[in-house]
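Encoded as structure tokens, the structure appears first; notes follow it.
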Amino acid sequence: MEHGYVDKDYRSTFYNFYAKKGRQYRTDCVRLHFFDGSVRFDETRTDIVSNDSRPQDHYFGYIVLRPTIIATLGRSVLSPNIRRGARGRAIQSVHYVNLLGHRLPVWGFPSMAQHVDIAVCAHVSCWAILRYYSETFPQHREYLVHDITKLAAPFDPGGLVPSLGFNVLEAERVFQAAGCLPLLVGKRNSTSEAAFFSQLLAYLESGFPLFVAMPTENHAVVVVGYNWRQSAAPPGPASSHVWPQVETLLTVDDNLLPYGTVPLHSAGTAPGSPSYTAESFEAFIVALPDKIYYPADAIEAFSRRVEEWLTRSLRSGQEPIELRRYFITTVSRLREHARENHTHLGDILVGLLMRLETAQFVWVVEYCSVAQWTEGRVGARAIVDATASPRDPVPLWLLHDEDVAHVFDRSSAEKRISSIQLDRGGLGPLPRVELNLRPVVQSASLSAEPADPGGDE
């Protein structure tokens, strides 16, 4: 326990709200730090010590307790590895904590409980996304909780107004005012429910936390992760997007501890789990960076056209295309992945990726059969220009399978394509690419069920 902690987010609300109230509130907070059992506090030395003299390797984050009488869980960053029930992959960034002369890193996603009065669920969801951006990308400035209440309107609302919350259009305004390029996707405006969720998963796999609105629940949360089904769902009569392969989503909900597990259909009953399902999601906002002009609905249509060409090109014995998956990444991150998987990709394909003249952001589209999906491999992959116009007829940079790569020259209006044999003999199938989210690895101390499953988490 760290007493007398000065929390900048709480102070922003204290000076602008709580200091004006009749009840007196403290100006300082308490911060709780979480370690595993190998770390102890040495009162004589006033130090935290571990068996291996590396307490930073055993740190799982912190929770700030603010003196607001109710809704006291303040700014927090916890590792999803200690959240019982969390699994799959989650959007995380590294946060550094200074404690007793130690600089402790923790990978996680920012969270807090809503204040109820000065900030409610929509404010907290916007705050969490913008705090993740400011911690991850240096070009994004930091916004405190009270800053969010002012961004939601063209004037400083003050008084009672923040406690009344705001709608999804005002949330879109918050992200725009914060320097992002928000894209609002609604279920009613999508061609189908499947199209809505395929876009949601595409942006989530791209590493963008999603502001999700649930009007029927009068609530908003941040979706930060997903977990694939253990056994692949069978494909439909035609090839489909991989959304049905998702088993659960991970959310940061200001009413719960972070990384709540949300099923797609039937709600769970475990203590601390959300009472809603993905079916309650009616709209989401993705706060995009500059230089991404090719939206997910455009890549869905284009990926189907590429699939038709690949299907016609299938040779005897090759596995059919039954699933499609796509996400955005940077070309530098893609090259990093290629270097790490050099032994699986081969010299020629890695060389093509290293020399490919692309924009900073690209769409990665993967095609596979259900059998390939189960084994974590793909049959073909396309690299698409994320800065292309949706009306661009061929926004491709590269298209390849296990044997041949087609490089597209986008420097002129002529469709010039170079086909190159990859000569990957003996290297085996192409591995599936999972780049932007970190895996959730449950702490060994949580591997067993709690002694009292009905008790508090």
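For segment 162-292, relative contact order (Cα pairs under 8 Å, six or more residues apart, normalised by length) works out to 30 percent.
Judged by the mean number of other Cβ atoms found within 10 Å, the most tightly packed of the peptides 15-22, 216-223 leads the ranking 216-223, 15-22. Take the chain with all the other protein chains still there, run a 1.4 Å probe, and you get 46 Å² of accessible area per residue.
Between M354, S280, G260, the Cα set farthest toward the positive side of the dipole of segment 259-354 (charges on each charged residue's Cβ, about the Cα centre) is that of M354. Considering only M112, L204, A382, whose Cα is most displaced toward the positive end of the charge dipole of the chain, charges sitting on Cβ of Lys, Arg (+1) and Asp, Glu (-1)? It is M112. What residues from segment 133-154 fall in the zone where the backbone N is under 18 Å from a label point 7 Å along the Cα-to-C-beta line of Q176? Backbone N within reach: 148-154.
Across segment 78-129, the fraction of Cα-Cα pairs farther apart than 14 Å, rounded to a whole number, is 63%.
Taking every C-alpha pair closer than 8 Å and separated by at least 6 residues, the mean separation divided by the residue count of the chain gives a relative contact order of 13 percent. Karplus-based coupling profile of segment 328-338, in residue order and whole Hz: 9, 8, 8, 5, 5, 5, 5, 5, 4, 4, 4, with θ = phi - 60° in 6.51 cos²θ - 1.76 cosθ + 1.60 and x standing for Gly or Pro. Per residue, the convex hull spanned by the alpha carbons of segment 1-87 comes to 123 Å³.
In summary, the convex hull built on the alpha carbon positions of segment 236-389 has an orientation-averaged projected area of 12.2 nm². Simple rule: put +1 on each Lys or Arg Cβ and -1 on each Asp or Glu Cβ in segment 189-347, find the dipole, and look at S190, P215, P235; the Cα lying farthest toward the positive end is P235.
Note on K150: lysines with a C-alpha under 24 Å away, same-chain residues under 8 apart excluded, are K8, K20, K21. Sorting 62-68, 288-294, 97-103 by their mean Cβ neighbour count within 10 Å, with the most densely packed peptide first, gives 62-68, 288-294, 97-103. Rounded to the nearest 20 debye, the dipole magnitude of the chain is 680 debye, with +1 charges on Lys and Arg beta carbons, -1 on Asp and Glu beta carbons, and the Cα centre as origin. Taking amide H as placed 1.01 Å from N in the peptide plane, L264 has its amide H under 5 Å from the amide H of A278, each at least 5 places away in sequence or on another chain.
Evaluated at 25 °C with a viscosity of 0.890 mPa s, what Stokes-Einstein diffusion coefficient in µm²/s does segment 49-186 have when Rh comes from the Kirkwood expression over alpha-carbon pairs?
Answer from the Stokes-Einstein relation: 148 µm²/s.
Evaluated at q = 0.19, 0.22, 0.23, 0.29 Å⁻¹, the base-10 log of the normalised Debye intensity for segment 199-251, with identical point scatterers placed on the Cα atoms, takes the values -0.74, -0.89, -0.93, -1.13.
Only Cα pairs under 8 Å and 6+ residues apart enter the sum, and on that basis the relative contact order of segment 51-142 stands at 25 percent.
The values are calculated or read from the model by the stated rules, or taken from the named source; none is laboratory data. Remember, it's a predicted structure, so these values are computed and weren't measured experimentally. Heads up, the Cβs are rebuilt from the backbone with ideal geometry, glycines too, and the neighbour counts pull from every protein chain shown. These accessible areas exclude ligands, DNA and RNA; they are computed on the full protein's heavy atoms, side chains included. Shrake-Rupley method; radii C 1.70, N 1.55, O 1.52, S 1.80 Å.
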